[in-house]
Amino acid sequence: MNIKNPLRLAFTTMFVFFIAISIVLCMLDIVHDKAYSHIDHLRTEDIPANRGNIYSYDHELLAVTSTRYDLRFDEEYAHSIASKSELEQLADDLSRIFALKTKSEYLNNFTDNTKNRYLLLKRNASFDQIEKVKTIDFYQQSLRGGLVIEEYLTREKPNLNSAARTIGDLYKDNSIPKYGLEYSYNSDLMGEDGQCLVLYEPGVGSRKINNSNNIESKPGKDLITSIDLQLQDIVEESLLRQLEQYQADFGTSILMEVKTGQIKAITNLKKTKKGTYAEILNFAVTRQIEPGSTIKLASIMAYFEDFGGSIEDTIDCKNGQYRFRGSPIDTYDSKDLGVVSIKSAFAHSSNIGIGRLAKKYYDDNPEKFINRFYSFGLAEKSKIDLTGVPKPKILSPSDNTWSLIALPWMSFGYGINLTPLDILTFYNAVANNGYLIPPYLGVALREGSEVLPIIRDNAPYTICSESTLQKVHILLKEVVQNGTAKKLSYLPFSVSGKTGTTVKNYTNIKDKNSKEYQSSFVGFFPSENPQYSCIVLIDNPNTEIGYYGSEVALPAFREIANKIYIQNGLAWTSIQHKDTVFNYHATNIDVDTIQFHKSSLNQDYYPNVVGMHIREAVQLLKLSGHDVIIKGDFGNVTKQYPRPETPIKKDLAITLFI
């Protein structure tokens, strides 16, 4: 076959071939473009499990995972498809939904954004707001009109800063815990991620595909804690008040249930650069301090256990000034005491008295003294269900830093490093008939409707003999009745405890005016059958305002105890008391075991409280709704005004004379 113009045909064929090649290359560029890279592409995608919530003991939320949304606007795409009137309507809709800007302000944003193609319209939008956005006309256009909804999970604390360091936190991806209960119970809270087959389509997004290989995610368990939010508020407010008043650096307070070891409240507040206070570190659990005078309880207990001493044994306190052998400085007491009983030396917190007692009985065998601290559980690392817990540090005669002054100084709280929780756990054991119970926060895990109690294998054990326990209970009450914590004696119930005032920089002996202090009080209430133990520690108060534990920390403890008492209905309901009518004179029975009942009070006449102990008198009168003014110090009521059994006059306070 003859072909006319074969050269022309060859050129035409080659031209068509090159055009085809160009079209194919163009198509390949499009297909490999990012916008088209997932066309009809199937992938296996992880499905994050819903993290379990954290609750208080009565199931109030402490931490919860919630979904949050950011709304963005693709200006380049939106302007390419939308008319001016459509953009104006969008601006009007956004102004109505979010109520953040006016219509004109949104319109200006649509054109003035030069930094980023995707303009942020609303950060942290709510679910309801996003649902409203999905109903507007602009969102119904192709590719949602350029409106982009970014969905992410966030971990929130409904109570904000309250107990924040104890509850814990997560890193930004909300999967890895940082600290606190979130960290300790992460394996239970996190659940198990699933897997799902997903189809990606440009302009549409992703769609889950039903597949037999898909694995459903398993939500995490909820954690129920021992935290009581009402008690938490009381503890936090009381501590904050003292921190602000004394301009302190930081403070911590823990409230523990005596019989169980459950932490009912825990707060840690540190001064920020702005001068306010916030939860920044968990000082209660992780910060080791020298306990100061609060450790004197252990020193006295060691003496009772090893030598069978009596609270009436005497010790010479050297009139408040004494230099221990080997010490570069004198030791001073806040009260000038001579030869006094151990009860008096303890009540008035004599460093000299307790130090000389330890020196007298343990100087030849200091290991015996140290071993007693170990037997009291003071050297044991706390078993609290939180991380970052340090092991207590107790100086030993084998240490290179041991010296002639180590033993007496240890007896009143130096050369020992404990956390506030360690100190409270020890005092809680004394309150709990000598049984040491490890403290804890996690009570149960909940999976669906099933509640699974957290089983603990930490069996309680006794730290001392019954006779020693009886003696120290008398001493701790004496501190309140006649010693450094006498301000607590005016409460309508009994309290036992010990003040502490620690010099932080005692090695700096050149400038006495530059001393820094830690003020503390630790104790339990009510004394006769303790329900709660509590510690308050305040660091570096302004010394020009005050620094003794009795003036800085004790008022916070007093407020905590009294508010709990009021919350409990002006009675400790777990204690078995005898009913006492309003005119009963409590002179022949233990004044710490009285409970009054409002039904037994005559509402028309003033009750007769003459002869009653001041605690019971105040309790009874408060129960009747009377304001009380106290004239005197401590003891029984000798006189009252208005006179008893006279008609009640409204708005007239009752004055009690002691």
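Taking every Cα-Cα distance in segment 126-237 and sorting them into 10 Å bins from zero, the calculated P(r) comes out as 10, 26, 27, 23, 11, 2 percent. Using the average count of surrounding beta-carbon atoms within 10 Å as a protection proxy, the listed peptides 637-646, 375-384 rank, highest first, as 375-384, 637-646. Against the chain, whose longest principal axis is taken from its Cα atoms, helix 296-307 shows a tilt of about 50°. Over segment 365-442, the Kirkwood radius and the radius of gyration, each from Cα atoms, give a ratio Rg/Rh of 1.00.
Over all pairs of different C-alpha atoms in segment 231-340, the reciprocal of the mean inverse distance, the Kirkwood hydrodynamic radius, equals 17.7 Å. Quick one: if the Förster radius is 30 Å, what FRET efficiency do Leu120 and Ile566 give, using the C-beta to C-beta distance and rounding to 0.05? According to the calculation, E is roughly 0.05.
Helix 420-431 and the long axis of the chain differ in direction by around 50°, with both axes built from C-alpha atoms. Along its three principal directions, the equivalent ellipsoid of the chain from the Cα gyration tensor extends over semi-axes of 69, 32, 24 Å, largest first. Calculated [222 nm] ellipticity per residue, helices only, for the chain: -9000 deg cm²/dmol; basis is -39500 (n - 2.57) per DSSP H run with n ≥ 4, divided by all residues, nearest 500. Take each peptide in 211-218, 148-155, count the other Cβ atoms within 10 Å of every residue, and average; sorted highest first, the result is 148-155, 211-218. Helix 366-375 versus the longest principal axis of the chain: what angle, 0 to 90°, nearest 10, using Cα atoms? So the inclination is approximately 60 degrees. The solvent-accessible area of Asp333, taken with every protein chain present and a 1.4 Å probe, is close to 20 Å². Straight-line cross-link reach from Lys157 at under 16 Å between alpha-carbon atoms covers these lysines, not counting any fewer than eight positions away in the same chain: Lys172, Lys178. Within segment 494-573, the proportion of Cα pairs with more than 20 Å between them is 41 percent. Split the accessible area of segment 337-427 by element, probe 1.4 Å, and carbon with sulfur accounts for 49%. When a 1.4 Å probe is rolled over the protein heavy atoms, the share of accessible surface on segment 104-185 that falls to carbon and sulfur comes to 47 percent. Ligands, DNA and RNA are left out, and with a 1.4 angstrom probe the accessible area of the chain is 50 Å² per residue.
The values are calculated or read from the model by the stated rules, or taken from the named source; none is laboratory data. Fair warning: this is a prediction, and the values are worked out from it, not measured in the lab. Here the Cβ is made from the backbone with ideal geometry for all residues, glycine too, and neighbour counts use every protein chain on show. The accessibility values were calculated without ligands, DNA or RNA, using every heavy atom of the protein model including side chains. Shrake-Rupley method; radii C 1.70, N 1.55, O 1.52, S 1.80 Å.
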